[in-house]
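Okay, structure first, notes after.
The values are calculated or read from the model by the stated rules, or taken from the named source; none is laboratory data. Source: prediction; values computed, not measured. Neighbour counts run over all protein chains shown; Cβ positions are idealised from the backbone, glycine included.
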């Protein structure tokens, strides 16, 4: 692995703390190793260090299944409109969003109010981003999006990142 310490987006506060980004290019490391060690993928085969977690995919409760049944899930939706509505709230980085759309993905919509993107990396799945219209937040879309993914992928994958 080749490490890169990126000061381009770094911050230096008045208290003396410094923030910089740690990035890398994989060498012989597996995708699974990268995810297990909190590396997340980005464009040009670059990865970045970030707090992340792996969610074990196991059966969900009947309560959560009932909550999911009240939401209309679809793989077809108006991406453009949802992105425009979300821009007002700064809910995502558009450069990253376009990159993740360019990779193999599963994109889903929830009541035409939210959209999630899951990308596939070898035998690993990465819930890369979630875009929503904050004016329609009555259904806990963020939380329930994870339960939707657990139900969808629990038989084919061990974890979602």
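Let me spell it out: the conditions are (1) over 21 Å from residue 150 (Cβ atoms); (2) modelled with pLDDT of 85 or more; (3) touching a strand residue (DSSP E or B) at 6+ places or on another chain (Cβ under 8 Å); (4) surrounded by fewer than 18 Cβ atoms within 10 Å (Cβ to Cβ), and residue 96 meets all of them except one. Which number is the exception?
(2)
Quick check on this structure: which one of 27, 44 is touching a strand residue (DSSP E or B) at 6+ places or on another chain (Cβ under 7 Å), assigned to a loop (DSSP other than H, G, I, E, B), modelled with pLDDT of 80 or more and outside the structural domain of residue 127 (by TED's automatic domain parsing)?
27
How about the range 121-144: which of its residues are in a strand (DSSP E or B), in contact (Cβ under 8 Å) with a residue 40 or more places away in the chain and more than 16 Å from residue 75 (Cα to Cα)? Step through it out loud before you land on a result.
Kept after step one, since they are in a strand (DSSP E or B), are these residues of the range 121-144: 121, 124-132.
Checking which are in contact (Cβ under 8 Å) with a residue 40 or more places away in the chain leaves us with 121, 124, 126, 131-132.
Matches in the range 121-144: 121, 124, 126.
Residues in the range 59-93 that are more than 12 Å from residue 147 (Cα to Cα) and in a helix (DSSP H, G or I): how many?
Here the count works out to 9.
Within the range 110-120, work out how many residues are assigned to a strand (DSSP E or B) and surrounded by fewer than 18 Cβ atoms within 10 Å (Cβ to Cβ).
Residues in the range 110-120 being assigned to a strand (DSSP E or B) and surrounded by fewer than 18 Cβ atoms within 10 Å (Cβ to Cβ): 1 in total.
Looking at the range 74-93 only, could you name the residues that are modelled with pLDDT of 90 or more and surrounded by 17 or more Cβ atoms within 10 Å (Cβ to Cβ)?
77
Quick check: anything in the range 134-145 modelled with pLDDT under 95, within 16 Å of the chain's Cα centre (by Cα) and surrounded by fewer than 17 Cβ atoms within 10 Å (Cβ to Cβ)?
Within the range 134-145, one or more residues are modelled with pLDDT under 95, within 16 Å of the chain's Cα centre (by Cα) and surrounded by fewer than 17 Cβ atoms within 10 Å (Cβ to Cβ).
Do we have residue 39 as over 21 Å from residue 153 (Cα atoms) and in contact with a helix residue (DSSP H, G or I) (Cβ under 7 Å, 6 or more places away or on another chain) here?
No; evaluated as a whole, the condition is false for this residue.
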